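Here is the structure we will look at, set down as C-alpha cells.
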Amino acid sequence: MTTNERPATRVALICGSRSDLETLEQGAALLAQLGVAHETRVISAHRAPRLLDRYVADAPGRGIRVFICAAGLAAHLAGAVAARTPYPVIGLPMPGGVSDGLDALLSTVQMPPGVPVATVGVGNARNAALLAAQILALADDGLAQRVAAFREDQTRRVEQDPANA
C-alpha cells in the first residue's frame, strides 16, 4: 500500500471471552460472504482495559470503520468501545448469565445519552454483521449491491420454502 492509499474498509469483531467466539464467527462468515474485510479479537473490557484502549485507538489506521462487540453478563464491552471511538458500535449481547442473555441485552441497550450503541438480538451475530455491512454500504456502491442481492436471495428462499424463515 502506498502512502496515498487508504486501508480497506473493515469491521472489527470483538468478544469479551473465548467462549463467545463460536457465535461471533457466524457474523464473520456473513461478512466474508458479503466481501467485507474484518478482523476478530478477544479483548475483555474488564480484564484488559489498556489492551482495549490501544486496540480501539489503533483501529482507524487499520481501516476499521464499524465495531461489533459481543459480550454477556454485564456486557460492558460495547459501551467501553463506544466511549473510545466516534465510529459506529454494534452491541451483540450473548446468551447465558442469570436470565439467558436478558441481562446482557439490557446492559448493552441502556447506554447513556451521547454514547450510542446499536443493539441486535441476543446471540444474533448474523444481524450484527448485516447491520455493519449496511452501514458500510452507504459509502460503497458495490457492497450496497451485494447487500441488496443477499436480501433478495433471502426473500426468494423464504418464498420458495417458508421453512427457510
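The values are calculated or read from the model by the stated rules, or taken from the named source; none is laboratory data. In this text, all values refer to a predicted model and were calculated from it rather than measured experimentally. Methodologically, a virtual Cβ is constructed for each residue, glycine included, from the backbone with ideal geometry; neighbour enumeration extends over all protein chains shown.
Contact annotation: residue pairs with Cβ atoms under 8 Å, 6 or more positions apart or on different chains, pairing a residue in the stretch 56-69 that is of a type in the set (D, E, K, R) with a partner that is not in a helix (DSSP H, G or I), are 62/7; 62/10; 62/39; 65/9; 65/10; 65/11; 65/87; 65/88. Looking across the stretch 35-75, the residues that are part of a loop (DSSP other than H, G, I, E, B), surrounded by 15 or more Cβ atoms within 10 Å (Cβ to Cβ) and either of a type in the set (A, V, I, L, M) or in contact with a Lys or Arg (Cβ under 8 Å, 6 or more places away or on another chain) (or both) come down to 36, 43, 45, 63, 73, 74, 75.
Taken over the stretch 81-102, residues that are modelled with pLDDT of 95 or more, touching a helix residue (DSSP H, G or I) at 6+ places or on another chain (Cβ under 6 Å) and either surrounded by fewer than 23 Cβ atoms within 10 Å (Cβ to Cβ) or not in a loop (DSSP other than H, G, I, E, B) (or both) amount to 9. Among the residues of the stretch 143-165, those that are in contact (Cβ under 8 Å) with a residue 24 or more places away in the chain and either in a strand (DSSP E or B) or not β-branched (Val, Ile, Thr) (or both) comprise 143, 146, 150.
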